[in-house]
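Q: Okay, handing you the structure first.
The values are calculated or read from the model by the stated rules, or taken from the named source; none is laboratory data. Because the structure is predicted, anything quoted here is derived from the model rather than measured. Note: ideal-geometry Cβ built from the backbone for every residue, glycine included; neighbour counts use all protein chains shown.
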Amino acid sequence: MKRLAIVGSGPKTRESAPFGDNNIDIWVFNEAANAAWCKRWSACFQMHEPELYKGHNTKDAEHWTWLQQEHGKPIYMQEADPLIPNSVAYPLQAAQELAGVPMFSSTFAYMAALAVMQGYEEIQIYGIELSVSEYNYQKESYLFWYGFLRGRLGDKVDSAITHVGQNIFSAPLYGYEGNLTLGIDYFKRRADKLDNEWKAADKSLVNIKKAIARAVEKNEYEDVQQLTLKYQEAALTCGELAGALSEAQRYQTFGDRYADRGGFEHSAAQAQKDGETMKPLIWHYGGMAEYVWNIWKQTNGAQGGGQMKTFIEKMGTIAYDTGALLGAFKENIAYINKYDDGLLANGISK
């Protein structure tokens, strides 16, 4: 019988994997194969783009060097890399045909599909402990492929409920266990509180903007530089409150319908994803503002001052919009936590 253990890096359960049983193959993720806790491995999956696996790795600074070494075992990748002697191109088309739907939003999905294609008859799962960010967009893929494996192998898929740190299989029974209601009154109280905080933050932001305009007119270079940093921080804070307020107001429109935890998760994940694309723009305009500030200081010209105010304005807008996405993310995470706390208080497992 072909036996396999898929071992994630989650610290709660990864070391329970059967490293001492040589009759079971071990598949690991990314830099885990070179980690001290990984006693052995049979295949490694590095499904990121070259720019990522060749770049700085916060978990293992030697990951790119390690990939270029000979290991005598397959390292599955999007494409075979001539600089990586053990790299093997992942059979994506065959995996997609096996699934019938494009449900590949995690490395675990690629592993599960390949395990079926390679004829494994028993599969154990360890260390899949989804973090908050991973949970938001990988949960559905994990559940799909766990169900796929159960359908193919039955009880030969060792219970992921036992081995994963976060029990994503436990949910209220529809029709049997009631859903917690976060009703209109709760969201109205949140919106009222956030509205007062946002108004105060917005007033502060406007005052800083006026101070920058006065300092530019007087060619007070050092003051402008300090106020620019203060303005960026204030714009982020104000935007964060605006994003949170917008979410509270949006959920008010739901009336007293029960709160949808899945909706909170989806909104948080989308805000986090969009926020990541905005961050580089803040630093871009911040860098441009510093460049224009140097030119303005050297030339002492009115045109440079005007350009300075323009770039500061753009940087502030980007900071505000980024803050709004961060605020929406945090607000939805707070709703998730309140929802789960309410379930526990009513004796219902999350």
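Q: Hey, Ser159 hits all of (1) at pLDDT 85 or above; (2) loosely packed, with under 15 Cβ neighbours inside 10 Å but one; which does it fall short on?
A: (1)
Q: For Gln93, are the conditions met, namely being of a type outside the set (Gly, Ala, Ser), touching a residue at least 60 places away in the same chain (Cβ under 8 Å) and surrounded by fewer than 15 Cβ atoms within 10 Å (Cβ to Cβ)?
A: So Gln93 does not fit the description; no.
Q: In the range 11-47, which residue that is among the small types (Gly, Ala, Ser) and crowded, with 19+ Cβ neighbours inside 10 Å is nearest to Gln68 (Cα to Cα)?
A: Of everything passing the filter in the range 11-47, Ala33 is nearest to Gln68 (Cα to Cα).
Q: Further question: Pairs, please: C-beta under 8 Å, at least 6 apart or cross-chain, first residue outside the structural domain of Gln138 (by TED's automatic domain parsing) and within 16 Å of Glu240 (Cα to Cα) and in the range 272-283, second modelled with pLDDT under 80 and part of a helix (DSSP H, G or I)?
A: From the range 272-283, the pairs are Gln272/Ser133; Gln272/Asn136; Lys273/Tyr137.
Q: Somewhere in the range 177-188, is a residue outside any helix (DSSP H, G or I), farther than 30 Å from Gly243 by Cβ and at pLDDT below 90?
A: Yes - at least one qualifying residue is present in the range 177-188.
Q: For the range 213-239, which positions are touching a Leu at 6+ places or on another chain (Cβ under 7 Å) and closer than 14 Å to Thr317 by Cβ? Before you say what the answer is, go through the steps one by one.
A: Keep residues of the range 213-239 that are touching a Leu at 6+ places or on another chain (Cβ under 7 Å), which gives 215, 234-235, 238.
Answer for the range 213-239, where residues must be touching a Leu at 6+ places or on another chain (Cβ under 7 Å) and closer than 14 Å to Thr317 by Cβ: Ala234, Ala235, Cys238.
Q: Now, a different point. I'd like to know if the range 311-322 contains one or more residues that are small (Gly, Ala, Ser), over 17 Å from the mean Cα position of the chain (by Cα) and modelled with pLDDT under 70.
A: For the range 311-322, residues small (Gly, Ala, Ser), over 17 Å from the mean Cα position of the chain (by Cα) and modelled with pLDDT under 70: absent.
Q: Can you name the residue in the range 251-283 that is loosely packed, with under 14 Cβ neighbours inside 10 Å and either under 16 Å from Trp198 (Cβ atoms) or hydroxyl-bearing (Ser, Thr, Tyr) (or both) and, of all such residues, is modelled with the highest pLDDT?
A: Here the residue is Thr253.
Q: Okay, moving on. Any chance the range 21-40 includes a residue that's modelled with pLDDT of 95 or more and among the basic types (Lys, Arg)?
A: yes
Q: Here's something else I'd like to know. Considering only the range 1-33, state which residues are in contact (Cβ under 8 Å) with a residue 60 or more places away in the chain and among the aliphatic types (A, V, I, L, M).
A: Passing the criteria: Met1, Leu4, Ala5, Ile6, Val7, Ala17, Ile24.
Q: What residue, of Val88, Val7, is more than 25 Å from Glu129 (Cβ to Cβ) and either touching a Phe, Trp or Tyr at 6+ places or on another chain (Cβ under 8 Å) or not assigned by TED's automatic domain parsing to the domain that holds Gly127 (or both)? Step through it out loud before you land on a result.
A: Details: Val7 fails: more than 25 Å from Glu129 (Cβ to Cβ).
Result: Val88 is the single residue among Val88, Val7 that is more than 25 Å from Glu129 (Cβ to Cβ) and either touching a Phe, Trp or Tyr at 6+ places or on another chain (Cβ under 8 Å) or not assigned by TED's automatic domain parsing to the domain that holds Gly127 (or both).
Q: Looking at Ile125 and the list (1) in a strand (DSSP E or B); (2) at pLDDT 95 or above, which single condition is not satisfied?
A: Status for Ile125: all satisfied but (2).
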